[in-house]
Each structure stands twice: as structure tokens, then as C-alpha cells.
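The next block holds one structure in the form of C-alpha cells; read it before the comments.
The values are calculated or read from the model by the stated rules, or taken from the named source; none is laboratory data. Please read all numbers here as calculations on a predicted model, not as lab measurements. Counting neighbours? That spans all protein chains shown, and the Cβs are built from the backbone with ideal geometry, glycine included. All accessible areas refer to the heavy atoms of the entire protein, side chains included, with ligands and DNA or RNA removed. Shrake-Rupley method; radii C 1.70, N 1.55, O 1.52, S 1.80 Å.
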Amino acid sequence: MSTRENGSEEEPVIRDNRKIDPETGQARQPKPADETVEQAGEQADQPSLADNLASIELATQLAERTADLQRLQAEYSNYRKRVERDRAAVREQAVAGALVELLPVLDDIGRARDHGELTGGFAKVSESLEAATGKLGLTTFGTKGEPFDPTVHEALIHSYSPDVTEPTCVEILQPGYRIGERVLRPARVAVAEPEEPVAGDN
């Protein structure tokens with residue numbers, strides 16, 4: 001029967017796996033693993049060029065996505081800080097606007113206290129009002145004897161005095177009010193300057 005009739009055109013491969021060599025009668029030494037198998041195993045262990053390119057592309061995409069996320073996080077953090085800062089500014093402006101309207105009332109309370117008319121229930125109301133405005137951050141400034149500062153003082157009366165060496169607030173006509181560093185109203189004061197030298201003096 002021909003190979004064509006068997007359906008196979010290749011000759012069969014016969015492997016001699018006997019442990020004793022038939023020619024010498026000696027035991028055969030175990031052969032090391034086939035080199036082709038080893039090479040195939042090494043090639044299987046080593047990534048192919050396509051795998052390397054895919055890994056590099058994956059790492060690049062991961063780095064890009066990470067950078068995008070970090071950028072988004074920084075933008076959101078900046079946005080949140082800006083919103084909080086704007087919210088605080090709006091709140092401070094609203095509180096300042098309300099307190100400015102109360103300044104004449106606080107002036108009346110101060111004048112009544114100076115004249116000894118702050119007694120009874122009116123005294124309790126005034127104390128409560130002053131405590132409430134204090135909680136909102138309202139503070140007074142302007143004391144007699146402090147140097148005149150045009151950024152926080154408004155001079156209503158001007159005079160000369162031998163008792164001062166620089167422009168000085170000698171009388172506080174109305175106290176000033178501020179919230180934090182923001183001046184709501186300057187202190188209205190009487191200012192005295194050192195006496196002008198007499199003409200002819202050296």
C-alpha cells in the first residue's frame with residue numbers, strides 16, 4: 001500500500017527511546033532536554049516586540065490619565081478655595097453694611113453713657129447690642145493722646161499746642177469702628193500740632 005493510499009505523504013518518524021544501546025549493550029545517559037524545546041521556552045518567557053510596544057503604550061496612557069486627574073484635582077482645589085474666599089468676602093461685606101447702619105445708634109449709646117443717662121432697662125439693651133456687634137467682629141478705636149494717622153483718623157478740629165511734638169489726637173469726638181482690618185468709619189478727632197516757630201527765631 002502506498003503512502004498516497006494511506007493518506008499521508010510524509011514518512012513516519014521513529015524515535016529510539018530505549019535505555020540500553022543495542023549496539024554497545026551499555027546503558028544510555030539521559031539526554032538533556034531538546035534545545036529547540038529550551039529555545040521555545042525561552043522565547044515564550046521573553047515578551048515579544050508587540051508585547052513591549054503594547055506595554056509602553058499602556059504606560060504612556062496611564063501617565064496621561066494620571067496627569068489629567070492631578071490637573072483636575074488642582075483645578076477643583078483652586079476653585080473651592082476661590083469660592084470660600086468669595087463667600088467670606090461677601091459675608092464680611094454684608095455684615096459691614098448692616099453694622100454701618102447701627103453706628104449712629106452706638107454713638108447715641110456712647111453719649112448717653114457719658115452723660116450718665118444709661119440706666120435701667122435701656123442699659124441692658126445697650127449692653128446686649130454692644131455684645132452682639134462685638135460677636136460680629138466690630139471693634140472701636142481712637143484714644144486721646146495717640147499720634148494722628150490720616151488713614152484712620154478724621155480731623156474735625158485743628159489747633160497748636162506746646163505740649164505735643166507731633167500731630168496728636170487731643171480729643172476723640174467720635175470713636176472709629178472697624179471689622180478686622182477694614183475701617184467702617186474713621187475716628188473723628190481734634191488734632192493739635194506743635195506750635196509754629198515765631199518769625200525771627202532761629
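Miscellaneous remarks
- Scanning segment 71-92 for residues that are of a type outside the set (D, E, K, R) and open to solvent by less than 100 Å² (accessible area, probe 1.4 Å) yields A74, S77, N78, V83, A88, A89, V90.
- Checking every residue in segment 107-125 against the condition of being aliphatic (A, V, I, L, M) and part of a strand (DSSP E or B) gives zero matches.
- The condition of being closer than 30 Å to A187 by Cβ and assigned to a loop (DSSP other than H, G, I, E, B) holds for only one of T133, T143, that being T143.
- Count of segment 142-163 residues which are open to solvent by less than 40 Å² (accessible area, probe 1.4 Å) and polar (S, T, N, Q): 1
- Residue tally, condition of a type in the set (V, I, T) and within 21 Å of L184 (Cβ to Cβ), over segment 99-125: 3
- The one condition in (1) open to solvent by 100 Å² or more (accessible area, probe 1.4 Å); (2) at pLDDT 90 or above that D68 fails to fulfil: (1)
- With respect to being among the β-branched types (V, I, T), open to solvent by less than 60 Å² (accessible area, probe 1.4 Å), out of contact with any Cys (no Cβ under 7 Å at 6 or more places or on another chain) and over 23 Å from R188 (Cβ atoms), V95 falls outside the description.
- Single match in E166, E181, E193, E171 (criterion: among the charged types (D, E, K, R), within 26 Å of L103 (Cα to Cα) and open to solvent by less than 100 Å² (accessible area, probe 1.4 Å)): E171
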